[in-house]
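**Q** Below are the structure tokens for one structure; questions will follow.
Computed from the coordinates by the stated procedures, all read-outs in this text should not be read as laboratory data. Computed from a prediction, not measured in an experiment: that's the story for all the values here. Backbone-built Cβ (ideal geometry, glycine too); neighbour counts: all protein chains shown.
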Amino acid sequence: MASSAPLVVRLLASSVSVASRAGKIVRDVMSKGELGMFQGKDDYQTEADRSAQRCIVASLSAQYPKVNIIGEEDGPESESELPSDWIISEADKEVLSLECPVNLHSVKEEDIVVWVDPLDGTSEYTQGALMLKRDPWERWKMYLTHPLISIKWYLSLLQSHYGFLEHVTVLIGISVNDKPVAGVIHQPYYKTMLGGEKILGRTIWGLQEVGVGGFTPAPPPDSLIITTTRSHSNPLVEKALQVMNAGQIVRVGGAGYKVFQLLEGKASIYVFASSGCKKWDTCAPEAVLSAAGGKLTDILGNYYKYGGSESRPNKTGVLAAVNDELHSYAVKRIPQELKDALSK
Ligand SMILES: Nc1ncnc2c1ncn2[C@@H]1O[C@H](COP(=O)(O)O)[C@@H](OP(=O)(O)O)[C@H]1O
Ligand SMILES: [Mg+2]
């Protein structure tokens, strides 16, 4: 890729292109119907997670060999050769033409750590797959053999399972000297119509001091709406939700999708008082959210550090908001005993 743009801008432009290719791999694995699930270190992983990560890591390390790339997947190294069309050397033209912030002009590859979550929202991906796997006759048989289930209820169940796939994202976060400065969130199952044709997938990016691209953020909702986990709750998580005094709580999968909720005006605060999220879950979301004027920290209000030697778990939870005012509101409402419980 011949471009004279500064390194961070080139790396962001490459990440936009490769995230979209990884998203297609995620959809292709689903279409084949065999997810190849196995138990990873602390959660399930699938063939889609592994393949998407191989595509991202191979593509970026071919162009930026000294950048430290850390991915979520910890499965066995695959012996099989990478398909040639998984190695992406293209770079997004719009991003390449961005003005690089002055403080990032002279960043070197050695200063960068890239955090990759090839498939954020794995629970939602596998639950979405469960429904898609059934052929239409199987689905109707399921209905017919359950006479107590009304058609309306069954259709809403079907809808919600399809809907889970929208929660899936591919995350590539770029950090420089511990701080997320740029990031990409790609949503493989987002649907748009263009000239009567269905287009799948969208990619948004954020760059410090420049802003976000790929979509237009919406203003926050008028009332306080909180977004949180739908598959990893526990009593501490619920306690933190209670104290927010929110009008509504929206439970969705994935850190990337929750930041989408914030940027699309569907929620204004993201609360997760648990140590379950890792650096690859929050690096890209933090970069994109802060480029849009928001803030993502732990529940004490402190920023995480994203250097290569930092521990992977975000031990003290996640608290994010669309602006500083709502962020400080949320930090103040978290009771000390909850902060102490997570800091232990
Ligand atoms: N208790 C837990 N154990 C393992 N992973 C957790 C977790 N809590 C949160 N996570 C991870 O944090 C991300 C966001 O979680 P949630 O959807 O519950 O908000 C998910 O990433 P992955 O889907 O990439 O694994 C999820 O697995
Ligand atoms: Mg994740």
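**Q** What is the ratio of the Cα radius of gyration of the stretch 270-320 to 2.2 N^0.38 Å, where N is its residue count, to two decimals?
**A** It is 1.02.
**Q** Any idea what the dipole of the chain comes to, in debye rounded to 20, about its Cα centre with Lys/Arg Cβ at +1 and Asp/Glu Cβ at -1?
**A** For the chain, the charge dipole is close to 840 debye.
**Q** Quick check on packing: order 92-101, 256-265, 335-344, 279-288 by the mean number of other C-beta atoms within 10 Å, highest mean leading.
**A** 279-288, 256-265, 92-101, 335-344
**Q** Which aspartates and glutamates have a Cα lying under 16 Å from the Cα of LYS305, excluding residues fewer than 8 positions away in the same chain?
**A** Within the straight-line cut-off, LYS305 pairs with ASP111, ASP178, ASP281, GLU286.
**Q** Can you give the Rg and Dmax of the stretch 240-296 based on its C-alpha atoms, in angstrom?
**A** Radius of gyration, then largest Cα-Cα span, for the stretch 240-296: 11.2, 30 Å.
**Q** Using a simple charge model, +1 on the beta-carbon of Lys and Arg, -1 on the beta-carbon of Asp and Glu, nothing else, what dipole does the stretch 276-344 show about its Cα centre, in debye to the nearest 20?
**A** Result for the stretch 276-344 is approximately 200 debye, rounded to the nearest 20.
**Q** Here's another thing I want to ask about it. Over what distance in Å are the Cα centres of the stretch 169-206 and the stretch 56-119 separated?
**A** Value for the Cα centre distance between the two parts: 14 Å.
**Q** Report the far tail of the P(r) of the stretch 251-344, meaning the percent of Cα-Cα pairs longer than 16 Å.
**A** That fraction is 49 percent.
**Q** Over all Cα pairs of the chain, how is the pair count split among 20 Å bins, expressed in % and running from 0 up to the last occupied bin?
**A** 31, 58, 11, 0
**Q** Students often forget the sequence filter, so: which lysines lie under 25 Å Cα-Cα from LYS191 once same-chain residues fewer than 8 apart are removed?
**A** Within the straight-line cut-off, LYS191 pairs with LYS24, LYS32, LYS93, LYS133, LYS152, LYS258, LYS266.
**Q** How large is the convex hull of the C-alpha atoms of the stretch 1-108 per residue, in Å³?
**A** 123 Å³
**Q** Also, I was wondering about something else. Treat every Asp and Glu Cβ in the stretch 160-217 as -1 and every Lys and Arg Cβ as +1, leave all other atoms uncharged, and give the resulting dipole magnitude about the Cα centre to the nearest 20 debye.
**A** Computed charge dipole of the stretch 160-217: roughly 140 debye.
**Q** Then there's this: So, in Å, what gap is there between the alpha-carbon centers of the stretch 328-344 and the stretch 251-323?
**A** 16 Å
**Q** Next up: Using the Kyte-Doolittle scale, find the helices of the chain whose mean hydropathy is at least 0.0 and whose Cα atoms extend 24 Å or more along the helix's long axis, counting only whole DSSP H runs.
**A** The qualifying helices are 7-32.
**Q** Same structure again: Per residue of the chain, what 222 nm ellipticity follows from adding -39500 (n - 2.57) for every DSSP H run with n ≥ 4, rounded to the nearest 500?
**A** Rounded to the nearest 500, the figure is -11500 deg cm²/dmol.
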